[in-house]
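Just so it is clear, none of the values below were taken in a lab; they were calculated from the coordinates. Since the structure is predicted, the reported quantities are computational estimates derived from the model, not experimental observations. Positions of Cβ are generated from backbone atoms using ideal geometry, with glycine treated the same way; all protein chains shown enter the neighbour counts.
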Number of protein chains: 2
Amino acid sequence: MYFKRTLLVSSLMAVSLSVAAQWEALPEAAPSPADNPMSEAKVVLGQALFMDPRFSKDGNISCNSCHNVMSGGDDNRPNSIGFHDQRGGRSAPTVWNAAFQSVQFWDGRAATLEEQAKGPVTNPIEMGMENLDAAMARVKAIPGYAPLFTAAFPDAKDAMTEDNAAKAVAAYERTLITPNSPYDKYVKGDKSAMNAQQIKGMNTFAEVGCTACHSGANFSGPKMETGQPFLMKFPTFPDTEYDKKYQFSADLGRYEVTKNEADKHAFRVPTLRNIALTAPYFHNGAVGHLDEAVKVMAKTQLGKDLSAEQAADLVAFLNALTGEFPEQTMPRLPATPGFTVIQ
Amino acid sequence: MYFKRTLLVSSLMAVSLSVAAQWEALPEAAPSPADNPMSEAKVVLGQALFMDPRFSKDGNISCNSCHNVMSGGDDNRPNSIGFHDQRGGRSAPTVWNAAFQSVQFWDGRAATLEEQAKGPVTNPIEMGMENLDAAMARVKAIPGYAPLFTAAFPDAKDAMTEDNAAKAVAAYERTLITPNSPYDKYVKGDKSAMNAQQIKGMNTFAEVGCTACHSGANFSGPKMETGQPFLMKFPTFPDTEYDKKYQFSADLGRYEVTKNEADKHAFRVPTLRNIALTAPYFHNGAVGHLDEAVKVMAKTQLGKDLSAEQAADLVAFLNALTGEFPEQTMPRLPATPGFTVIQ
């Protein structure tokens, strides 16, 4: 309990410490954990698993259904649609650059991409599988997956495990990074990469205080150890018209996981990378436009009313955070010759 | 009415005419209609539209959801899952090599791929859009689509029309062909391309009489004019245990469209290309295994009981109809910077 409280306090300290913005470009590669080194074979397997809808109960929902890598890595919906048309309470976070987050999910309940990858498969309102054994039974029933697992985990006695499936998906996700946004080019020295309004918005971003939380290369806070969340209370100023309108406070955030009073309304600070592509906004997806979202943030987190000019400049800057998306070959999903694994 | 009846009679005539099987390889390219010549720009646009879930009411279903080009071009489900988890009565046909079919849908109600492409978007149990105007309003609201339409239809005064969207999707679908299956290689002279059982199964396929309907390069009947369906009654022998078990006769087929008595239980003869990848089988997806499917076909269409050996040989041959799938680059779906078109 003490540990969790400390995290939130340290987050609040960050507010006062990081006013002097340190602009950082996005690294060209994401770090991999020691127990899951990157390999091409893992990425190939992970991409297939990520795209394959057969590991949802009805066979119609893949990771990519809600984290569409052909667009902003989310689904552009307030909430996602899962098993039997059920809707969750939170908006799907983008998978792009998730590799740079120290924790996963809005409440930071997963320490790693590997851990996160197992969650939606068995969530009864998401992919709806009874358990991971049932999901792995489907993987094993599809003949073409065995050689992909063997190639990805050549030293494993039994390669086809849920841990290895999660490792492969995580390895694939670590390739989903978007360097070379106008902002990145600007920071690296190409002063023509951002236009005048974007540069003005960048200054506004620091002056208003957005950098207090949205710092670092991923605009999701200071570099933390893996599994260590950078949390903020949202809304920090709860009694606003915005909160009445958008019902942000209805979600108790990390408290739902920890039942720790100090975690009430605490959320992981999300990345702002490619934020222009991931409307609607906030944990409940209640705000449809980026222009409104920046006004909401200033008011609920900093107690400030933005002028129309400030908001427009911030939006211009945030659009400069849209990066370059790596070209991907569409995978061939391994076949089940003459049968189907979907009931 | 007379016209429709003639078609069915001509189909039955084909049964007696085509016993001497003419083995044909799949062409390397599909024909395009005069009013929709192929172009790279159309294919690029069509692929994006095909993959984009935003033209379904809830923004979660694309053409690819039920016609997954990463696998067999269908969804490996008995029926597809559409808007608000609704299920249709028929199994999604494969989009692979659909360009070689003279009509589209199980009942042949669409003459062309262009016409077909418009159907699911506004089907209330599929993608669920109110009408095509509403779908086009979404297309137009996504800024990145305008240049793709202009590139694809450079001479059009108003490029962003539902007809052009359908043309682009159809152009993309005409690239979805799978040549060079073991069967194709065998027919073109590589006698090592099929193994002994597959060759035996090929002979069984002709001897038993499968070629009566599953003839031609696409194994979907003789070459017909576009819009002219090659129909068969299914089941032709209705009083079988199979029909009791799988309830094939519950669907009146083309009759549902034409209300013509002669069209009762008439269905388009489906392709057998990549049939090993598209379980479960038949218009209602009631049969889960290819081995069972060939027995059902022999009994219900030819009145024959296959031996276990014949069935196994036929399955081996049908597996030789799995072709080479062209490599595709995953499209970037055009963005909506700072907003979403999904309500």
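Over chain B, dividing the summed -39,500 (n - 2.57) contributions of all DSSP H runs of at least 4 residues by the number of residues returns a 222 nm mean residue ellipticity of -10500 deg cm²/dmol. Taking the longest Cα principal axis of chain B as reference, the axis of helix B:196-208 is set at about 80 degrees. Taking label positions 7 Å along the Cα-Cβ direction at both A:LYS304 and B:ASP35, the computed distance is 5.8 nm, reported to one decimal. Here the Karplus relation 6.51 cos²θ - 1.76 cosθ + 1.60, evaluated at θ = phi - 60°, turns the backbone of the range A:157-162 into coupling constants of 5, 10, 6, 8, 10, 5 Hz, with x for every Gly and Pro. Inter-chain neighbour count for B:67-80: the average number of beta-carbon atoms from partner chains within 10 Å of each residue's beta-carbon is 5.
Using a/c under 1.5 as the rounded threshold, could you call the range B:158-314 rounded, prolate or oblate? The axes a ≥ b ≥ c are square roots of the C-alpha gyration tensor eigenvalues, and prolate needs a/b larger than b/c, oblate otherwise. Oblate is the answer for the range B:158-314, as a/c is 1.5 or above yet b/c matches or exceeds a/b. Put simply, the amide H of A:ILE61, placed in the peptide plane, has neighbours under 5 Å in A:SER56, leaving out anything fewer than 5 places away on its chain.
The fewest-to-most ranking of B:VAL187, B:VAL294 by surrounding Cβ atoms within 10 Å reads B:VAL187, B:VAL294. For the range A:145-250, GluC sites (Glu not before Pro) are listed when DSSP marks them as loop and at most 13 other Cβ atoms sit within 10 Å of their Cβ; the list is A:GLU225. If you run the Gaussian network model on chain A, springs between alpha carbon atoms under 10 Å, then out of A:ALA308, A:ALA34, A:ALA316 the most flexible one is A:ALA34. Over what distance in Å are the Cα centres of the range A:267-319 and the range A:41-119 separated? About 23 Å separates the Cα centre of the range A:267-319 from the one of the range A:41-119. Label-to-label distances for B:THR226 across copies, nearest first, come out at 5.5 nm, using points 7 Å from Cα in the beta-carbon direction.
For the residues of A:274-285, the average number of beta carbons from a partner chain within 10 Å of their own beta carbon is 3.
Mean per-residue shielding of peptide A:50-63 is 3, counting Cβ atoms of other chains within 10 Å of each Cβ. In sequence order, the range A:258-265 has phi-based couplings of 9, 6, 8, 3, 5, 8, 4, 6 Hz under the Karplus curve 6.51 cos²θ - 1.76 cosθ + 1.60, θ = phi - 60°, and Gly or Pro positions carry x.
The Cα-based radius of gyration and maximum Cα-Cα distance (Dmax) for the protein assembly as shown are 27.5, 87 Å.
Counting every other Cβ atom within 10 Å of each residue's Cβ, A:SER249, B:SER102 order from fewest to most as A:SER249, B:SER102. Gyration tensor analysis over the Cα atoms of chain A returns equivalent ellipsoid semi-axes of 35, 22, 19 Å (largest first, whole Å). Note on B:LEU113, A:LEU252, B:LEU306, B:LEU290: ascending count of other Cβ atoms within 10 Å places them as A:LEU252, B:LEU306, B:LEU290, B:LEU113, the fewest first. The GluC sites (Glu not before Pro) of the range B:20-70 meeting both criteria, a DSSP state outside H, G, I, E and B (loop) and at most 12 other C-beta atoms within 10 angstrom of the site's C-beta, are B:GLU28. Shown in residue order for the range B:287-301 are the 3J(HN,Hα) couplings computed by the Karplus curve 6.51 cos²θ - 1.76 cosθ + 1.60 at θ = phi - 60°: 10, x, 10, 5, 4, 5, 4, 5, 5, 4, 4, 4, 6, 7, 9 Hz (x for Gly and Pro). Return the subset of A:LYS118/A:LYS157; A:LYS188/A:LYS264; B:LYS118/B:LYS157; A:LYS140/B:LYS191; B:LYS223/B:LYS295; B:LYS200/B:LYS299 for which the Cα-Cα distance in this structure is over 28 Å, preserving the input order. Distance filter (> 28 Å) returns A:LYS188/A:LYS264; A:LYS140/B:LYS191. Rounded to the nearest 0.05, what FRET efficiency do B:GLU324 and A:HIS289 give with R0 = 56 Å and r taken as the Cβ-Cβ distance? Could you check? After rounding to 0.05, the efficiency reads 0.75.
Across A:ASP52, A:ASP155, A:ASP133, mean-square fluctuation computed from a Gaussian network of chain A (C-alpha pairs under 10 Å connected) peaks at A:ASP155.
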